[in-house]
Amino acid sequence: MIINDNFFPLIAIAIFIEAIITYGKTVYDKKKIQWQVVVALAVALVFCYDMNLNFFTSLGLQEKYPIIGTAATAIILSRGSNYMFEFYNQLNGWREKNTGEDFE
């Protein structure tokens, strides 16, 4: 089943929401806040804000509040390169399967 590009952002946001839930579990683990995770998120937020990086804008979406996309991007990037690569592959695999196109 081929799904048009209008549906792709919904899938991307769903994958992102799943990432937030999983990430939330790592911030607070064994009744303790994991400071390394919080520091990684803070550093990612600074870089994303400074460089105007935005996950949703890169998907071609217009936001009412761009800071949300910047925060979303920081969450993804703060998880590290392995997660970013996995996230990219999930999105690209879904897009390729359903639209016949991949990211270029």
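Assuming R0 = 41 Å, what is the FRET efficiency of residue 86 and residue 52, from their Cβ-Cβ distance, to the nearest 0.05? List each step's numbers first, then the result.
Working: r = 24 Å, r/R0 = 0.59.
Given R0 = 41 Å and the Cβ-Cβ separation, E is 0.95.
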Size of electric dipole in the chain: Cβ of Lys, Arg +1 and of Asp, Glu -1, about Cα centre, debye, nearest 20 = 640 debye
Inter-site label distance for residue 96 and residue 22 at 7 Å from Cα along Cβ, in nm = 1.9 nm
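Looking at the calculated P(r) for the stretch 33-83, what percent of the C-alpha pair distances fall above 14 Å?
Details: 626 of 1275 pairs.
Summing the P(r) tail past 14 Å for the stretch 33-83 gives 49 percent.
At R0 = 35 Å, how high is the FRET efficiency between residue 13 and residue 35 if r is their beta carbon distance? Nearest 0.05 is fine. Intermediate values should be presented prior to the final figure.
On the way: r = 29 Å, r/R0 = 0.82.
With R0 = 35 Å, the Cβ-Cβ based efficiency is 0.75.
Relative to the compact-globule scaling 2.2 N^0.38 Å, provide the ratio for the alpha-carbon radius of gyration of the chain.
Numbers: Rg = 14.7 Å, N = 104, 2.2 N^0.38 = 12.8 Å.
Output field value: 1.14.
Every read-out reported here was derived from the displayed coordinates using simple, explicitly stated rules and does not represent laboratory data. Bear in mind that the values here come from a model prediction, so they are computed numbers and not experimental data. Cβ atoms come from the backbone with ideal geometry, glycine included; neighbour counts cover every protein chain shown.
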